[in-house]
Amino acid sequence: PDIWPLDFPSCSGPRQSPINLESESMFRLVVPGPLRWKGYWNLPQNQTLINNGHTVQLSGAWGGEDFTPQISGGPLDGEYVFSQLHFHWGTRDDRGSEHTVSNVSFPMELHLVHYKKSYGTPEEASKHEDGLAVVAFLFRLSEIENPAMNTIIPYLDEVTGAELQVALSRPFPLEMLDLIFSSDYVTYLGSLTTPPCNEVVTWIVSSRALSISHNQLVKFRQLSSADDEMENNFRPVQPTNGRPVFYVS
């Protein structure tokens, strides 16, 4: 990550992500309405899990944009269509998340990437500063398995190497992961956390952590990138540079 700006100048821009979240320095934000989730219970026609060399990513086809999961409301202006979800994790249980809370890391972070419907595609949306909305969940370690994660984990054995992919034999509605919330989140304007680091993301970070067991985390740690183990695939926190960070209760 330290050398990214050499090839991708945006990676040293003023609105980079992730950041450290400090409750003392947040502003309370009153939004026009709650976050609205549409289609998160819709069963996809197919889903694909891919090891793209730096994370494991899940995408799907719902038979057209109207059936594809979407979010709106809260701090968002317009509707944002689900594109893909992916994870960030570390080699140890005390690190792995991209965002930190009061300088504390979590073992894993989930990102749900959405693009603004009016831009038509994720590629076009990533050229506009209101183009993407990413919903993030931090994971806390639990003694017991999170059964929701077992919608994905059994397939990880089939994508241990870079560029491997598998079609899920049992596609599932995204809400099986227990995602939906309408309030109690942090929001700020930031960037993609991988090159080219476009500053086009409205971040929405849930205050509610999801759970994962040590044994479930180990499955992610067995994945490898093009070079070696895909470990610590998280970007360190970036300076806020005076950006306001908001809490929506």
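Only the coordinates and a few stated rules stand behind these numbers; no lab work does. Here the structure is a predicted model, which is why all the values come from computation and not from measurement. Cβ coordinates were reconstructed from backbone atoms using ideal geometry, including for glycine residues, and neighbour counts include every protein chain displayed.
Could you check the range 233-249 and list, in sequence order, the residues that are at positive phi and touching a residue at least 60 places away in the same chain (Cβ under 8 Å)?
Passing the criteria: only Asn241.
Here Met230 qualifies as within 30 Å of Pro5 (Cα to Cα), touching a residue at least 60 places away in the same chain (Cβ under 8 Å), touching a strand residue (DSSP E or B) at 6+ places or on another chain (Cβ under 9 Å) and not polar (S, T, N, Q). Residues in the range 59-72 that are part of a loop (DSSP other than H, G, I, E, B), free of Cβ contacts under 8 Å to residues at least 40 places away in the same chain and surrounded by fewer than 19 Cβ atoms within 10 Å (Cβ to Cβ): Gly63, Gly64, Asp66, Phe67.
Using the structure shown, decide if Val135 is within 28 Å of Gln45 (Cβ to Cβ), crowded, with 22+ Cβ neighbours inside 10 Å and β-branched (Val, Ile, Thr). Judged against the criteria, Val135 is a match. Considered as a group, the residues in the range 73-92 that are in contact with a helix residue (DSSP H, G or I) (Cβ under 9 Å, 6 or more places away or on another chain) and surrounded by fewer than 17 Cβ atoms within 10 Å (Cβ to Cβ) include one that is farthest from Pro34 (Cα to Cα), and that residue is Thr91.
One residue alone among Glu231, Glu145, Glu163 is closer than 30 Å to Pro9 by Cβ, acidic (Asp, Glu), touching a helix residue (DSSP H, G or I) at 6+ places or on another chain (Cβ under 9 Å) and surrounded by fewer than 18 Cβ atoms within 10 Å (Cβ to Cβ), and that residue is Glu231. Applying the condition of being among the basic types (Lys, Arg) and outside any loop (DSSP other than H, G, I, E, B) to the range 13-58 and asking which residue is farthest from Arg243 (Cα to Cα) yields Lys38.
Among residues of the range 204-215 that are more than 23 Å from Thr91 (Cβ to Cβ), those with a Cβ under 6 angstrom from a residue that is of a type in the set (S, T, N, Q), sequence gap 6+ or separate chain, pair up as Ile204/Thr187.
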